[in-house]
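Chemist: First the structure, then my questions, so here it is.
The values are calculated or read from the model by the stated rules, or taken from the named source; none is laboratory data. On a predicted model such as this, the values are computed, not experimentally measured, just so you know. Virtual Cβ from ideal backbone geometry, glycine too; neighbours counted across all protein chains shown.
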Ligand code: HXC
């Protein structure tokens, strides 16, 4: 027999017992590694986390997601850094837990930074884990929820970590308007790290345990000589009351995560999925008699617009966004006949409901979110105009007010508007008027639509032409009779109907129902040039 034809020996078959032993070894190793990953930074650091009143990254996921729905990815990923003794400082998973699960049965992608592992700092590899989640969410069309608790870029890695951040930012931008993105800040979030949450749709913080700033108190002290605490520089109250950077603040992790579940229930999964629909026992034709007395007789007296919102939406379930910022305008989600609707409403209880810079920015961003995700808009109007004064003018109310106008004008979703009382001046135009493609525009009998309030109008038009207060009052009454009613606007067709307050819910429900098949689009463009 030649070499070429020489028969090679048969491979010896592995005995079944050896195979089983090997499999058992791998499974034991798997369990060991999983257990190691679950321990995070170890007992001491977990205790320290609990002592600060914070949950661990995995405990947070348990609160956020439906029981047993979490599937983890990349549990065995480790960093590749060898600087500063890092080769011997590895924890499987590398300080960030990622994967997907469900919230009330609906898919969500999650990442949760583990402060017990190197302070939750962002390494090249855990940035890759977060990017994988963002990429998956984009592929399948599902929201991304980030639970942030991190000392920022991993110092030992230098530019590798910085690059990781930028990879995340790029994906946040591409995902904007495609899938909802929610950032929950449950610990430190400092330096450039703040820009990922800032690029997402909603930011939720915890009081006393979370903060966000570009430069911390020490740097501030060195550069500007200001002495400020972390809380005062970038705590939850600061960002929900003063800057508007964060949308909502809660007292602890559990309260925050449970409210994220509630918010999530209102949101579409993606810009292609349509709004979620939740069956409701609340009849669409519910008549709400109490609304007939909501607006006071005296046009200068305030009333609480939130009462109207809560009496109109399904089961009184209104989820307000940014309740502590620019309180002169209310934004939030509710449902009508089970379908998610975005509500915008002037609030006469604060600054008489005037529009200003903060209110314009707040509402504009919300309207753009709703439009991006095909959530219909319902607007309640009671606005005496834009806020006058040097503060507003010098800080650019022209450009900021234009944002709100722009947002309403470009929105192609169904738009239903109800004027409850004042709709004066430019603010009448801006607040989802017929002229900005309002689909159905109603007014209550108490509506007053004019260039300005009767007193102001008379003082300008008839300046020096009335002899005493009585004559002035007569002119004011005359102006009010002419313009301070909905009839002039209705006679022009700028209002589709004047409705009784008690019928508001069913008139809106019916309008939204017929508008579900609305289909308009804006002219093609690469992108718009929103007045930033
Ligand atoms: C590596 C870090 C870390 C980081 C914290 N740790 N931050 N490791 N890189 N960025 C580690 C600590 O060494 C410590 O490890 C553990 O995490 C817990 O940190 P402590 O300081 O003990 O905790 P605490 O007292 O609660 O203070 C938390 C902190 C502080 C305020 C976040 O750690 C801190 O100031 N860290 C640095 C923050 C920072 O300047 N980051 C860079 C920002 S610039 P052990 O082993 O002891 O548990 C940035 C650029 C992004 O992020 C650019 C994007 C464009």
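Chemist: Identify the residue in region 172-196 that is surrounded by fewer than 18 Cβ atoms within 10 Å (Cβ to Cβ) and within 9 Å of the ligand (Cβ to nearest atom) and, among all such residues, is nearest to residue 258 (Cα to Cα).
Modeler: 195
Chemist: Name the residues in region 214-231 that are near the ligand (Cβ under 10 Å from one of its atoms) and either exposed (fewer than 12 other Cβ atoms within 10 Å of the Cβ) or within 24 Å of residue 260 (Cα to Cα) (or both), would you?
Modeler: Answer for region 214-231, where residues must be near the ligand (Cβ under 10 Å from one of its atoms) and either exposed (fewer than 12 other Cβ atoms within 10 Å of the Cβ) or within 24 Å of residue 260 (Cα to Cα) (or both): just 218.
Chemist: Name the residues in region 51-77 that are within 16 Å of the ligand (Cβ to nearest atom) and either surrounded by fewer than 17 Cβ atoms within 10 Å (Cβ to Cβ) or closer than 18 Å to residue 35 by Cβ (or both), would you?
Modeler: Hits for region 51-77 are 51, 52, 53, 56, 57.
Chemist: Of all residues in region 312-328, which are closer than 23 Å to residue 183 by Cβ and touching a strand residue (DSSP E or B) at 6+ places or on another chain (Cβ under 6 Å)?
Modeler: 318, 319, 320, 321 - these are the residues of region 312-328 that are closer than 23 Å to residue 183 by Cβ and touching a strand residue (DSSP E or B) at 6+ places or on another chain (Cβ under 6 Å).
Chemist: When the residues of region 113-133 are narrowed to those that are crowded, with 20+ Cβ neighbours inside 10 Å and away from the ligand (no atom under 16 Å from the Cβ), which ends up nearest to residue 181 (Cα to Cα)?
Modeler: The residue in question is 133.
Chemist: With region 305-366 as the region, which strands (runs of 3 or more DSSP E) entirely inside it contain at least 2 residues that are at pLDDT below 95?
Modeler: It comes to none.
Chemist: Just name the residue that is surrounded by the most Cβ atoms within 10 Å (Cβ to Cβ) out of those in region 369-379 that are part of a helix (DSSP H, G or I) and more than 11 Å from the chain's Cα centre (by Cα).
Modeler: 371
Chemist: Next up: State yes or no: is residue 151 within 12 Å of the ligand (Cβ to nearest atom) and either over 23 Å from residue 251 (Cβ atoms) or surrounded by fewer than 16 Cβ atoms within 10 Å (Cβ to Cβ) (or both)?
Modeler: Here the answer is yes, as residue 151 does meet what is asked.
Chemist: Out of (1) more than 21 Å from the chain's Cα centre (by Cα); (2) surrounded by 15 or more Cβ atoms within 10 Å (Cβ to Cβ); (3) over 17 Å from residue 53 (Cα atoms), the odd one out for residue 199 is which?
Modeler: Status for residue 199: all satisfied but (1).
Chemist: Another question, then. Could you list, in sequence order, the residues of region 154-171 that are surrounded by fewer than 22 Cβ atoms within 10 Å (Cβ to Cβ), within 9 Å of the ligand (Cβ to nearest atom), under 18 Å from residue 200 (Cα atoms) and over 21 Å from the mean Cα position of the chain (by Cα)?
Modeler: Matches in region 154-171: 165, 166.
Chemist: Shifting gears a bit: Filter region 381-401 down to the residues that are in contact with a strand residue (DSSP E or B) (Cβ under 9 Å, 6 or more places away or on another chain) and within 22 Å of residue 438 (Cβ to Cβ), then identify the one that is surrounded by the fewest Cβ atoms within 10 Å (Cβ to Cβ).
Modeler: 385
Chemist: Can you tell me which of (1) free of Cβ contacts under 8 Å to residues at least 60 places away in the same chain; (2) under 19 Å from residue 112 (Cα atoms); (3) in a loop (DSSP other than H, G, I, E, B) is the one residue 204 doesn't meet?
Modeler: All conditions are met except number (3).
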